[in-house]
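Trainee: This is the structure, below, for whatever I ask next.
The values are calculated or read from the model by the stated rules, or taken from the named source; none is laboratory data. Since we're looking at a predicted model, the values are computed, not measured. A quick note on method: Cβ atoms are made from the backbone with ideal geometry, for glycine too, and the neighbour counts reach across all protein chains shown.
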Amino acid sequence: MERLQRSLELALNQEWPQLDKTQRRLAKLPTTRIQPAIAARPTPWIVATVATDGGECRLSLEPIRVQIVRVADSQGMIYFEDFIPLSLEPAEIFRFFFKADPRLQKFLDWLGVDWDALLPSSDFQRSHLLEMMRELMEWAALMKLASQPPPKLLVRDGLLRSVLLPDTVFQRLRDRFSAFTEKHGHLLVGVAKRSRVINYLSVALGLGESFAGGEPSYLPVPAELEREAAPTQYRWIGSRAMGQLHIARLDRGEAVPLLPVDVAAWQTTRVADTMTFLHESSRASFPMRGYPQALIEAHAHAHLGGLEVEMLEETLLAQLADRHPAVAAQARRLRLLGRELTEELDHEPGSRE
């Protein structure tokens, strides 16, 4: 313990000046109070898209290696709801989906690329193939909304950036969203629940007066400060981002969390309007105060649970039974045993510990 305490002391000697420097830099940045919407100017249609997969919803599809992805928006429209066979190679998966699905083919036409441009080029991308598929489908749904009038505030679940998509595809995304938003008068924004940058800056913000009083307000984060605060693997400000990061409190109250908000880089003159509309969507939001209600509703529509999960599992078992009754019977027995074991552990005193 003495050795560890000494090691910690030496490490803090190096990191402490950086925290003090960050605090002083943030103190010089002015926050802007978010203005309420004016009754004479109606709030535009606010729509968010969210992608979720069966793994997040406790959907068990064993023994077959398939995964389901659903993409929905806050209005209840479902854009994609597809099973993905995980045993295929990345090239086979992309060819299977992007050549067979007319909606995804239209997305590629908008981008001006062929399906092979989507192939992962690094081990990191290949190891996160399902997440990459989800992200592509979510971008496709958001682009579908961007391609049509009337003017809307388009809200992405997450920041307007990507570590998974190939560079060429991401740059085409940025160009196409810029063109669509300018043509139809949309605003584009990304909102995340958390960010490593916000985590790093939050202590310095708390020590200062930036968000004192708990009023809805926002603070732009300079690119150089974000680059310093971001983890090494995320220091790609510029080519891998299509937005400027802001720290925002979207509702009133000191208990309301600070959120990372990306405003499209080509719409920096509309930041005040964007924050006003996000504030309108976040007032009295439930169950998470200060989080845009449009995103909460999109999450609810994308979520797979309850009866839907049971029906999907039964559909899989029925198709297994058509192919091999013995395999289906064994899968059903294993599933029942697994549920019984889970219930026993949940009721066992101290089992969680």
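Trainee: With respect to E297, determine if the residue is under 23 Å from I78 (Cβ atoms) and more than 23 Å from the chain's Cα centre (by Cα).
Mentor: no
Trainee: How about the stretch 147-159: which of its residues are modelled with pLDDT of 95 or more and hydrophobic (A, V, I, L, M, F, W, C)?
Mentor: Correct list: L153, L154, V155.
Trainee: Does the stretch 282-307 hold any residues that are surrounded by fewer than 16 Cβ atoms within 10 Å (Cβ to Cβ) and in a helix (DSSP H, G or I), and which are they?
Mentor: A300, L307
Trainee: Go through (1) hydrophobic (A, V, I, L, M, F, W, C); (2) part of a loop (DSSP other than H, G, I, E, B); (3) exposed (fewer than 15 other Cβ atoms within 10 Å of the Cβ) one by one and return the number of the condition A318 breaks.
Mentor: The number of the failed condition is (2).
Trainee: Would you check if V197 is buried (at least 18 other Cβ atoms within 10 Å of the Cβ), in a strand (DSSP E or B) and not aromatic (F, W, Y)?
Mentor: no
Trainee: State all residues of the stretch 273-288 that are modelled with pLDDT of 80 or more and more than 19 Å from V189 (Cβ to Cβ); if no residue qualifies, say none.
Mentor: F286, P287 - these are the residues of the stretch 273-288 that are modelled with pLDDT of 80 or more and more than 19 Å from V189 (Cβ to Cβ).
Trainee: Quick check on K99: is it crowded, with 19+ Cβ neighbours inside 10 Å, basic (K, R) and more than 19 Å from T52 (Cβ to Cβ)?
Mentor: Taking the combined requirement at face value, the residue does not satisfy it.
Trainee: Cβ-Cβ distance below 7 Å, separation of 6 or more or different chains: which pairs start in the stretch 300-323 with a residue that is β-branched (V, I, T) and end on one that is at pLDDT below 80 and assigned to a helix (DSSP H, G or I)?
Mentor: Qualifying pairs under 7 Å: V309/C57.
Trainee: Report, ordered by the first and then the second residue, all pairs with beta carbons closer than 6 Å, sequence separation of six or more or different chains, a first member in the stretch 55-78 that is under 15 Å from V155 (Cα atoms), and a second member that is at pLDDT 65 or above and exposed (fewer than 14 other Cβ atoms within 10 Å of the Cβ).
Mentor: Matching pairs, first to second residue: A72/I78.
Trainee: Quick one: which residue in E348, E254, E343 is closer than 21 Å to P30 by Cβ and at pLDDT below 80?
Mentor: E254
Trainee: Can you tell me which residues in the stretch 265-320 are over 22 Å from G214 (Cα atoms) and of a type in the set (G, A, S)?
Mentor: A265, A294, A298, A300, A302, G305, G306, A318
Trainee: Another question, then. Here are some residues: D157, D167, D175. Which one is buried (at least 18 other Cβ atoms within 10 Å of the Cβ) and either touching a Cys at 6+ places or on another chain (Cβ under 9 Å) or closer than 19 Å to M242 by Cα (or both)?
Mentor: D157
Trainee: Against the definition (surrounded by fewer than 20 Cβ atoms within 10 Å (Cβ to Cβ), of a type in the set (D, E) and within 22 Å of V66 (Cα to Cα)), how does E131 come out, yes or no?
Mentor: yes
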